[in-house]
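*Asks:* My questions all concern the structure below.
The values are calculated or read from the model by the stated rules, or taken from the named source; none is laboratory data. Given the structure is predicted, the values throughout are model-derived calculations rather than measurements. Backbone-built Cβ (ideal geometry, glycine too); neighbour counts: all protein chains shown.
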Amino acid sequence: MCGIAGVASFHSIGDRLYEGVHHLEYRGYDSCGVAFLNHDHIEVRKDVGTVDEVDGKESIRHLESYVGIAHTRWATHGKVTKENAHPHLSCRGDFAVVHNGIIANYKALREALLKSGHRFRSETDTEIIAHLIEQRFTELGDVEAALVRALTELEGSYALAMISTNEPQRIFCARHESPLIIGVGSESNYVGSDFNAFIDYTKNTVILEDGEYGILSKDSFSVKSLRTGEVLDKPVMVVPWDSELSRKGGYPHYMLKEIHEQPLAVRNALSIGSDEISAVADMMERARRVHLLGVGTTYYVALMGQYLLAMLADLDVPAMSSDEFRHLDRSDDRSLVLAISQSGETYDTVMSLRHAKERGARTAAIVNVVGSSIARMVDHVVLQGSGPEVCVVSTKAALVQMILLMRLAIELGARRGTLSAARRREYETALAALPGEIETLVNEKSGLIRAAAYRHAHVHNWLFLGRGVYYPIALESALKMKEVTYVHAEGMPGGFLKHGTLSLVDDKLYTLVFVPPPSVGELHAMTMSSVEEVKARGGFVFGLTFDAHDDIFDERLVLSATHDVTAPFLPLVAAQLLAYFTATALKRNVDKPRSLAKSVTVA
Amino acid sequence: MKALILTGGAGRTLVPFSSTRPKAMTVVAGGSLMRRTLGHLREVGVTDVTVVLGQHGDKARAAFQDGHEVGVHLSYVEQERPSGIVDAILRARGRFIPGEFFILVYGDVVTAANPFHQILQSFNSFKGPIAGVCLPGPPTQRYGNVYLSGTRIRKIVEKPSTSGLGNYVLAGIFVLPTEVFTLLEKSEGDMERVFDALTQAPGLHASIWEEGWIDVEFPWDILAANRMVMDTWEEAQISRHAIIEGNVTMTGPVRVERGSVVKAGVVLAGPCYIGRDCYVGHNALVRSYSSLGPGSMIGYGVELKNCVLFGNSKVGRLSFVGDSVIGENVDIGSGIMTINNNMDGSSVRVDVRGEVGDSGLTKLGAFMGDNVKVGAGNTLAAGTVLAPGVCVPHHATIGGGR
């Protein structure tokens, strides 16, 4: 998973290439590079490191050119080395390619090209694309025809951009199962993996689809069909996001910014038209079988949805992890698959949806990114409108997805008669109060959570315990901790303690317990009995509780909730903050943790 | 952009150091707070700096003069008696051109890294008034509680009715428009009113500072700030003009400045700091978080641990000084001992202006003001405060010709 940027302009492009690829770093950041036309040849500057590091060594910002492409890499094929960094050149150096995705048949292509006399400098699957195009250019004598021929030979997924000395005014780009969009500016045109590549310069975009390729120059662009070669009339979309919003503003990290943006994001989610929610509810009612789908954080969101639908609407809707879905998928034309994805590009989820569609299932999705693959491939999409989420670790997008699933559960509960009209109003009032509660929590508890995080930053192993609807909250909270701090945190239902886990408890294993309000009755009592079990083994227990009288804990943070139905979201926000401050205490790279990328677009 | 540093506060609780110097002239990790602030400002290109001086302000003026040594243009405004922040800022009014924005810094604030990069970045985002905010270590009642909506400061509650809140607080670093002078005039000396007015219109944005931050209010805060700064040191730096004799052991980020002599057998455990022209006698043990200001001399076999010597002080042979702060021109005889804990493990209490304050620290030694003399052989109880110029005679057990 990588980031692609490219600019063709009347004006020098160095700073824009730099900014473009810099803003895409969250997609991958182990190495980066640029290729641009320098008089009659292509110059490549690339190395291992972040965009800033490579700019320091190779000077990207100050390069002089009018046509160029750039890339930030997160290795899949081949090690992290300068040679393996993109862009890659063909043998004669007259084609340069940047690529995001995986070429499945690259070994066969490589063998064939070696036989034709091509010599490779890197271990990447990308380099073969440059050589393949060069080979076809030698045969066909036309850059566009060579590109089209080469693309038909590629198997797998790709988004790519290419420049050539044989067409020095142009950037060629194409996609298959990896995202790529074109930005239409004045006196400049752009290509990028997403809006961030050029949002500072233009908000007018054209979304490239599978089976299409684009050609852009400084004053024009065209999109053509790979199959027929005809020019397609593509609509220009205006990106609603303000570039200022996707900046840090007064925050030290995007993660903290996005945690603080949650009250606003939830308010936005509550103002999404009820017809949007109803449309999904209609689909669910018509279906014989429904699956909730997500992976990583969104799997836990789906699991939260499963609990909410069971509790509020008396519905049995299993959550499945989309990386496993294909093995279990038995859907048919009376099935509905409801997928959840922030980026709308998550590889496993895209593949699962495709699989289910092939079996005839209906599909719906909750997605944050407008125009993303999932948003376009499903029968109905609910756009969550949470604004750009830049930090690799998802906070506000995940919370909003849970809120939308709660709205769906309330809607279905009302339809099915499991919720009275009065109950429905009560729950909706509780939801309306939630943004204010989160804001109060963030304002009044941050210092307490930070102090706790710094006190416990030395802890190597955490158990995050929750029961009932607090179980998916515990799972999601533990994932936040792992993702951003690299500290081991294991989410678990309280009932699992007796099945082996208790043997791990000692004074070095810390336990964070998600305690429901006492007013929920049994669930509270059961959770507290889990606390007793851990205490009895000498474990340190940190309670996220709503009851100032629960004094069994070694340490606790007392939260206040106005209603039991929305209460579970508050300890989630507290746990996000705990993960954030633990990460800053450990001096982690908060917004770009290792081994993680924003949209996981590879298998 | 220009900057204004306030150093006029009386700092009553920073005994015994505030009776001879402004808080901004206390020393951590080898440099005064003011030197650190000026260095940070110069780093972001702010070189036109006005300093409001109060009591003992001559100390700052003598140290920095016109600022050329630290690379800034310094001018000074006098605040003869401590008459509050509002008055201090108003006195500098003439230094600023109406319509411009300026940086306002409280002189007693220490940060782990340069805060102005982020403050100016926030200013560039919002093009309006900015207040740095942070979460102080353990939540205290010392500061007003900030309430945020996004980064917009909704309100600041000075004396919250509920205790145990963990809000962001004002970090003492601001970017303000010159319109603030009008608000200051109308405030009747009440800074809270000025902030209140700013949050209403044009609006005050928070710049959230997540790295270390300490407001030096009590003498033990100096040790915490010293530790915080030294924790940011990554590598050792030994001046080529320092003389390091044989068999010296150094570990971690040790800094030794020019002209210093480190005799044989010394152990320097980083992070620690040996300023210019210091003398570290044979077999001395300088443990982590010790900072020796310029011209300090420590004799044979002295052990220092987590302590700050402002400069030009002497510690005689075979003494132990731990968890302590020593002012300038202090003369400590040989064989003295600072006790740094209570035997029951309780936190050490310190006499602050006639009131005994709980430091919250289980390890704390002594605080000695400038020009103190401590005779040989004395043992100082945990939490001892010696006022400037105090002379403690030798602890002799027998004889003498007097």
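*Asks:* Which one of A:428, A:439 is under 21 Å from residue A:562 (Cα atoms) and over 28 Å from the mean Cα position of the chain (by Cα)?
*Replies:* None of the other options fit; the residue is A:428.
*Asks:* Of everything in segment A:407-442, what is crowded, with 23+ Cβ neighbours inside 10 Å and within 14 Å of chain B (Cβ to nearest Cβ)? Give them in sequence order.
*Replies:* Residues satisfying the conditions are A:438, A:441, A:442.
*Asks:* Considering only segment A:95-114, state which residues are in contact (Cβ under 8 Å) with a residue 60 or more places away in the chain and within 11 Å of residue A:131 (Cβ to Cβ).
*Replies:* A:95, A:97
*Asks:* Sticking with this one: With segment B:52-167 as the region, which helices (runs of 4 or more DSSP H) entirely inside it contain at least 1 residues that are within 14 Å of chain A (Cβ to nearest Cβ)?
*Replies:* Correct list: B:116-126.
*Asks:* Oh, and also: Please work out which one of (1) surrounded by 23 or more Cβ atoms within 10 Å (Cβ to Cβ); (2) more than 14 Å from every other protein chain (Cβ to nearest Cβ) is the condition residue B:179 fails and give its number.
*Replies:* In the conditions (1) surrounded by 23 or more Cβ atoms within 10 Å (Cβ to Cβ); (2) more than 14 Å from every other protein chain (Cβ to nearest Cβ), residue B:179 misses (1) alone.
*Asks:* Given the conditions (1) surrounded by fewer than 19 Cβ atoms within 10 Å (Cβ to Cβ); (2) at positive phi; (3) not acidic (Asp, Glu), and given that residue B:306 satisfies all but one, which numbered condition is not satisfied?
*Replies:* Tallying (1) surrounded by fewer than 19 Cβ atoms within 10 Å (Cβ to Cβ); (2) at positive phi; (3) not acidic (Asp, Glu), residue B:306 fails exactly one: (1).
*Asks:* So, in segment B:215-237, of the ones that are part of a loop (DSSP other than H, G, I, E, B) and without any contact (Cβ under 8 Å) to a residue 24 or more places away in the chain, which residue ends up farthest from the other protein chains (Cβ to nearest Cβ)?
*Replies:* Step by step, filter segment B:215-237, then rank; the result is B:235.
*Asks:* Continuing with this model, one more query. Hey, does segment A:243-255 have a residue that's in contact with a strand residue (DSSP E or B) (Cβ under 9 Å, 6 or more places away or on another chain) and surrounded by fewer than 16 Cβ atoms within 10 Å (Cβ to Cβ)?
*Replies:* no
*Asks:* A follow-up question, please. Of these, B:321, B:356, B:350, which one is assigned by TED's automatic domain parsing to the domain that holds residue B:297, farther than 17 Å from residue B:15 by Cα and not in a loop (DSSP other than H, G, I, E, B)?
*Replies:* On inspection, the qualifying residue turns out to be B:321.
*Asks:* Look at residue A:350 and say whether it is part of a loop (DSSP other than H, G, I, E, B), touching a helix residue (DSSP H, G or I) at 6+ places or on another chain (Cβ under 9 Å), buried (at least 19 other Cβ atoms within 10 Å of the Cβ) and hydrophobic (A, V, I, L, M, F, W, C).
*Replies:* no
*Asks:* Suppose we filter segment A:92-126 for residues that are within 18 Å of residue A:3 (Cβ to Cβ) and in a helix (DSSP H, G or I); how many remain?
*Replies:* 1
Rundown of residues vs (1) under 29 Å from residue B:211 (Cα atoms); (2) in contact with a helix residue (DSSP H, G or I) (Cβ under 9 Å, 6 or more places away or on another chain); (3) surrounded by fewer than 19 Cβ atoms within 10 Å (Cβ to Cβ); (4) not hydroxyl-bearing (Ser, Thr, Tyr), yes/no style:
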residue: A:498; (1), (2), (3), (4): no, yes, yes, yes
residue: A:506; (1), (2), (3), (4): no, no, yes, yes
residue: A:527; (1), (2), (3), (4): no, yes, no, no
residue: A:545; (1), (2), (3), (4): yes, yes, no, no
residue: A:562; (1), (2), (3), (4): no, yes, yes, no
residue: A:565; (1), (2), (3), (4): no, yes, no, yes
residue: A:574; (1), (2), (3), (4): yes, yes, no, yes
residue: A:579; (1), (2), (3), (4): yes, yes, no, yes
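*Asks:* Moving on to the next point. Out of (1) surrounded by fewer than 19 Cβ atoms within 10 Å (Cβ to Cβ); (2) under 25 Å from residue B:222 (Cα atoms), what's the single condition that is false for residue B:108?
*Replies:* The number of the failed condition is (1).
*Asks:* Now for a different question. Filter segment A:245-281 down to the residues that are within 12 Å of chain B (Cβ to nearest Cβ) and of a type in the set (S, T, N, Q), then identify the one that is nearest to the chain's Cα centre (by Cα).
*Replies:* Within segment A:245-281, the match that is nearest to the chain's Cα centre (by Cα) is A:246.
*Asks:* Could you please let me know if residue A:583 is within 28 Å of the chain's Cα centre (by Cα) and either modelled with pLDDT under 90 or within 14 Å of chain B (Cβ to nearest Cβ) (or both)?
*Replies:* Yes, satisfied.
*Asks:* Any residue in segment A:43-67 that is touching a residue at least 60 places away in the same chain (Cβ under 8 Å) and not assigned by TED's automatic domain parsing to the domain that holds residue A:189 sitting within a Cβ distance under 6 Å of a residue that is outside any helix (DSSP H, G or I) and surrounded by fewer than 15 Cβ atoms within 10 Å (Cβ to Cβ)? List the pairs, counting only those 6 or more apart or interchain.
*Replies:* Filtered contacts from segment A:43-67: no entries.
*Asks:* Any residue in segment A:20-34 that is within 28 Å of residue A:594 (Cβ to Cβ), touching a Leu at 6+ places or on another chain (Cβ under 8 Å) and crowded, with 24+ Cβ neighbours inside 10 Å?
*Replies:* Checked segment A:20-34: at least one residue is within 28 Å of residue A:594 (Cβ to Cβ), touching a Leu at 6+ places or on another chain (Cβ under 8 Å) and crowded, with 24+ Cβ neighbours inside 10 Å.
*Asks:* Let me ask something additional. Check segment A:412-424 and report whether any residue there is touching a residue at least 12 places away in the same chain (Cβ under 8 Å), hydrophobic (A, V, I, L, M, F, W, C) and assigned to a helix (DSSP H, G or I).
*Replies:* Yes, segment A:412-424 contains a residue that is touching a residue at least 12 places away in the same chain (Cβ under 8 Å), hydrophobic (A, V, I, L, M, F, W, C) and assigned to a helix (DSSP H, G or I).
*Asks:* When residues of segment B:189-214 are filtered for being assigned to a loop (DSSP other than H, G, I, E, B) and without any contact (Cβ under 8 Å) to a residue 12 or more places away in the chain, how many remain?
*Replies:* Total meeting the criteria: 1.
*Asks:* Just one of A:381, A:370 is among the β-branched types (Val, Ile, Thr) and assigned to a strand (DSSP E or B); which is it?
*Replies:* After applying the criteria, what remains is A:381.
*Asks:* What single numbered condition from (1) within 21 Å of the chain's Cα centre (by Cα); (2) surrounded by 24 or more Cβ atoms within 10 Å (Cβ to Cβ) fails to hold for residue B:262?
*Replies:* The single condition residue B:262 does not satisfy is (1).
*Asks:* With the structure loaded, tell me whether residue B:118 is of a type in the set (S, T, N, Q) and either closer than 24 Å to residue B:26 by Cβ or surrounded by fewer than 18 Cβ atoms within 10 Å (Cβ to Cβ) (or both) or whether it fails that test.
*Replies:* Judged against the criteria, residue B:118 is not a match.
*Asks:* Could I ask something else about it? If you check A:97, A:67, which single one turns out to be surrounded by 18 or more Cβ atoms within 10 Å (Cβ to Cβ), under 17 Å from residue A:169 (Cα atoms), at pLDDT 90 or above and under 27 Å from the mean Cα position of the chain (by Cα)?
*Replies:* After applying the criteria, what remains is A:97.
*Asks:* Scan segment B:379-386 and tell me whether some residue there is in contact (Cβ under 8 Å) with a residue 60 or more places away in the chain, in a loop (DSSP other than H, G, I, E, B) and not charged (D, E, K, R).
*Replies:* So far as segment B:379-386 goes, no, none of its residues is in contact (Cβ under 8 Å) with a residue 60 or more places away in the chain, in a loop (DSSP other than H, G, I, E, B) and not charged (D, E, K, R).
*Asks:* Let me ask something else about it. Could you please tell me which pairs satisfy a Cβ distance under 9 Å, a separation of 6+ or placement on different chains, a first residue in segment B:13-33 that is free of Cβ contacts under 8 Å to residues at least 60 places away in the same chain and more than 16 Å from residue B:69 (Cβ to Cβ), and a second residue that is of a type outside the set (Asp, Glu) and assigned to a loop (DSSP other than H, G, I, E, B)?
*Replies:* From segment B:13-33, the pairs are B:18/B:9; B:18/B:10; B:18/B:11; B:18/B:12; B:18/B:26; B:18/B:55; B:18/B:56.
*Asks:* On to the next question. Would you check if residue A:154 is assigned by TED's automatic domain parsing to the domain that holds residue A:40, within 22 Å of residue A:74 (Cα to Cα) and touching a Cys at 6+ places or on another chain (Cβ under 8 Å)?
*Replies:* Judged against the criteria, residue A:154 is not a match.
*Asks:* Scan segment A:144-202 residue by residue and report those that are charged (D, E, K, R), in contact with a Phe, Trp or Tyr (Cβ under 8 Å, 6 or more places away or on another chain) and not in a loop (DSSP other than H, G, I, E, B).
*Replies:* A:144, A:175, A:177
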